[in-house]
Amino acid sequence: MSISLDLDRKANRLITEKSPYLLQHAYNPVDWYPWGKEAFEKAKSKDTPIFLSIGYSTCHWCHVMEKESFEDSVVANLLNQDFVCIKVDREERPDIDHIYMQVCQALTGSGGWPLTIIMTPERHPFYAATYLPPLSRGGMPGLLELLPRLSQLWKNDRETALNAGQEVSNLIKITPRVKTGIQLSEEVFIRAFKQYEQAFDSAYGGFGSAPKFPTPHTLLFLLKYYELHREKKALQMVEKTLLSMYQGGIYDHIGFGFSRYSTDRKWLVPHFEKMLYDNALLAMSYLEADRITGSHFYGRVAGEIFTYILRDMTSPEGGFYSAEDADSEGEEGKFYAWSPDEVMHVLGPRGAHYCEMYDITDAGNFEGRSIPNLVKNIRVTDARAELEQERQALFAHREKRVKPHKDDKILSSWNGLMIAALAMGYRIIKDERYLQAAERAADFVLRKLRREDGRLLARYREGEALYPAYAADYAYLIWGLIELHEAGSDSRYLKAAQELNNDLLKLFWDKEKGGLFFYGEDSEKLLIRPKEVYDGAMPSDNAVATSNFLRLGRMTGNANLEERVRDQFLLFAGTINENPTAYAFWLLVALNQRQTGLRIVL
């Protein structure tokens, strides 16, 4: 895939980068630098603060800020005159993003992308925000007013800026209080279940109110809780959520796959970008529901996710692409929405029935057009089979539209998740294609994203592998390799998992306090060296690594790895105990640790 660029405009330094996100900004009038030595030396020699902007290529509000501000010559002149401007792709450099997102949350109480940071040449931040418009509105400061004020602060009251920057840096350097020596008791699992029960939306599934995120590892924990405790409400919450998400517009009923989240309670109107990691983790949730309930409806949804991934998100070499955009032709959701006239044009007389089943109306449910959905349709499980020919015809027609931008970089971490999902798919659904795709992707990552010395790398694009891999890259890839081995693949995947796990412990393990650092000891030294514990959109690297230690220890008889599991829970149990629903994957690992029984290793 190539990025569309305007060759009549002068390129900035980002033109030589591989990141699709950075290339999207390569023709801005802003004098962007990539993160690196050149930018920091320029800031020191120019004696100006740094304007750091972090985002990713399929981020809707990143596109909005670019069009409104970074393509505007007046805003660009202010930035170029008084700041050194740095662009960072958060998916290539999650270490940088993680640290400065902590800054934003500490200063503002919230976070998101695009992330905007003003910092000293020594990288100490003294201002943070997310999306900023060019002119102030709705309580948000505008860049045209904000930038001159920050510039004047730097020139006329630098001591205040420097002190604020040092204070914020010191704040995020404070290690969170850890209650060591605490064990997770049975009470914490019961408490977590009851908290999920209280937050559960009985009408539409999911937890909490809008916006709604899928949080698949919450569902995986509840499924395991049901398996071990036979608590029917746990299973009911999972089944209602999985069914409701499938019914909603968050699921692409024409081409398959899930969008990132729903803006409303009903899962009807999504934020249309599709992420590889969401679809991998959701496929696992549907597969586990199939395995536990015996309802092949769930397996069918997982299979449709895989159809989407293998059709649209797989490189010729076998690796998986990262994401697809929410926008096409400058409009969010344009690719996915329909009018009744368009459906009738494609399907003829059969179109009326399709519109009735999938809620496609003249009034529309999204900006005058309709997102196909089954929210009001009680015959959910019949609709797809009954209208499969119509779906195929609409899909063929939709393929002629201008497609959303695809971020075709290949990340070790997200590929590890999809490898794990596909291997589980083969184990549960018995479709040989899933095993073949998982093996092909694993072979690609192990071949193209490892240096000659074996060091895993984070990102591959257009023949270039770059950036020393982070703890999450190791943890997720090891997870995928373990699943491949358990699906019956060649034992070389188990060997590769063991090798990578040894490297993980060597490069990331905190030898003084325990736990895994976010980035390796051989990586660039940043403002702090954090540890990720919270299970957010994806389960934390420490939680997944702990699961890997448990499984590898039991498979290979390595008692040292099972000791690492105990170390991890002794270190983090106090944190988990204080707010268990924020650590769903940790709870899942703890339940797996408690699950005993006959184990036969061949």
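Listed values, structure above:
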quantity: Residue count, region 183-208 (criterion: surrounded by fewer than 18 Cβ atoms within 10 Å (Cβ to Cβ) and farther than 18 Å from Q247 by Cβ); calculated: 12
quantity: Residues located in region 282-299, provided they are in contact (Cβ under 8 Å) with a residue 60 or more places away in the chain and either over 30 Å from G330 (Cβ atoms) or surrounded by fewer than 24 Cβ atoms within 10 Å (Cβ to Cβ) (or both); calculated: A283, M284, S285, L287, E288, A289, D290, R291, I292, F297, G299
quantity: Inter-residue pairs, beta-carbon under 7 Å, first within 17 Å of Q236 (Cβ to Cβ) and in region 189-215, second of a type in the set (D, E, K, R), 6+ apart; calculated: F193/E231; E197/K233; D201/R265; Y204/R265; Y204/K266; G205/K240; G206/K212; F207/D201
quantity: Answer from E524, E578, E499, E562 - the residue that is assigned by TED's automatic domain parsing to the domain that holds A475 and in contact with a strand residue (DSSP E or B) (Cβ under 9 Å, 6 or more places away or on another chain); calculated: E524
quantity: Selected residue (criterion: modelled with the lowest pLDDT) from residues of region 142-166 that are buried (at least 17 other Cβ atoms within 10 Å of the Cβ) and not hydrophobic (A, V, I, L, M, F, W, C); calculated: G165
quantity: Candidates D312, D278, filtered to the one that is among the acidic types (D, E), modelled with pLDDT of 95 or more and buried (at least 24 other Cβ atoms within 10 Å of the Cβ); calculated: D278
quantity: Of residues in region 348-377 being surrounded by fewer than 14 Cβ atoms within 10 Å (Cβ to Cβ) and among the charged types (D, E, K, R), the one nearest to Y246 (Cα to Cα); calculated: K376
quantity: Selection count, region 65-87, where residues are touching a residue at least 60 places away in the same chain (Cβ under 8 Å) and in contact with a strand residue (DSSP E or B) (Cβ under 9 Å, 6 or more places away or on another chain); calculated: 5
quantity: Any chance R447 is under 23 Å from T314 (Cα atoms), in a helix (DSSP H, G or I) and of a type outside the set (F, W, Y); calculated: yes
quantity: Filtered residue count, region 13-48, keeping only those that are outside any loop (DSSP other than H, G, I, E, B), surrounded by fewer than 19 Cβ atoms within 10 Å (Cβ to Cβ) and either without any contact (Cβ under 8 Å) to a residue 40 or more places away in the chain or of a type in the set (V, I, T) (or both); calculated: 8
quantity: Residue match in region 268-281 (condition: small (G, A, S) and under 23 Å from K376 (Cα atoms)); calculated: no
quantity: Contacts under 6 angstrom Cβ, first residue in region 136-152 being farther than 18 Å from P121 by Cα and in the same structural domain as F126 (by TED's automatic domain parsing), partner charged (D, E, K, R) and part of a helix (DSSP H, G or I), 6 or more apart; calculated: S136/E145
quantity: Test for G255: is it modelled with pLDDT of 95 or more, within 26 Å of R440 (Cα to Cα), assigned by TED's automatic domain parsing to the domain that holds F207 and surrounded by fewer than 24 Cβ atoms within 10 Å (Cβ to Cβ); calculated: yes
quantity: Selected residue (only one of I96, I118, I86 is in the same structural domain as V64 (by TED's automatic domain parsing), under 17 Å from G142 (Cβ atoms) and modelled with pLDDT of 95 or more); calculated: I118
quantity: Meets criteria (closer than 20 Å to P539 by Cβ, of a type in the set (G, A, S), surrounded by 15 or more Cβ atoms within 10 Å (Cβ to Cβ) and more than 24 Å from the chain's Cα centre (by Cα)) for A234; calculated: yes
quantity: Qualifying residue in region 330-343 (condition: surrounded by fewer than 21 Cβ atoms within 10 Å (Cβ to Cβ), more than 30 Å from L422 (Cβ to Cβ), among the hydrophobic types (A, V, I, L, M, F, W, C) and not assigned by TED's automatic domain parsing to the domain that holds A280); calculated: no
quantity: Region 384-401, residues that are under 24 Å from G299 (Cβ atoms) and surrounded by fewer than 18 Cβ atoms within 10 Å (Cβ to Cβ); calculated: R384, A385, E386, E388, Q389, Q392, F395
quantity: Answer residue from region 211-231, given it is surrounded by fewer than 20 Cβ atoms within 10 Å (Cβ to Cβ) and not in a loop (DSSP other than H, G, I, E, B) and is farthest from the chain's Cα centre (by Cα) among those; calculated: H229
quantity: Scan of region 102-121 for residues that are surrounded by fewer than 21 Cβ atoms within 10 Å (Cβ to Cβ) and in contact (Cβ under 8 Å) with a residue 60 or more places away in the chain, ordered by number; calculated: Q102, A106, L107, P121
quantity: Neighbours by Cβ (under 9 Å, 6+ apart or cross-chain): first from region 342-371, touching a residue at least 12 places away in the same chain (Cβ under 8 Å) and basic (K, R); second surrounded by fewer than 21 Cβ atoms within 10 Å (Cβ to Cβ) and part of a loop (DSSP other than H, G, I, E, B); calculated: R350/L387; R369/K334; R369/S339
quantity: Meets criteria (touching a residue at least 60 places away in the same chain (Cβ under 8 Å) and over 22 Å from P270 (Cβ atoms)) for A442; calculated: no
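The values are calculated or read from the model by the stated rules, or taken from the named source; none is laboratory data. As the structure is a prediction and not an experimental result, all values here were calculated from the model. Heads up, the Cβs are rebuilt from the backbone with ideal geometry, glycines too, and the neighbour counts pull from every protein chain shown.
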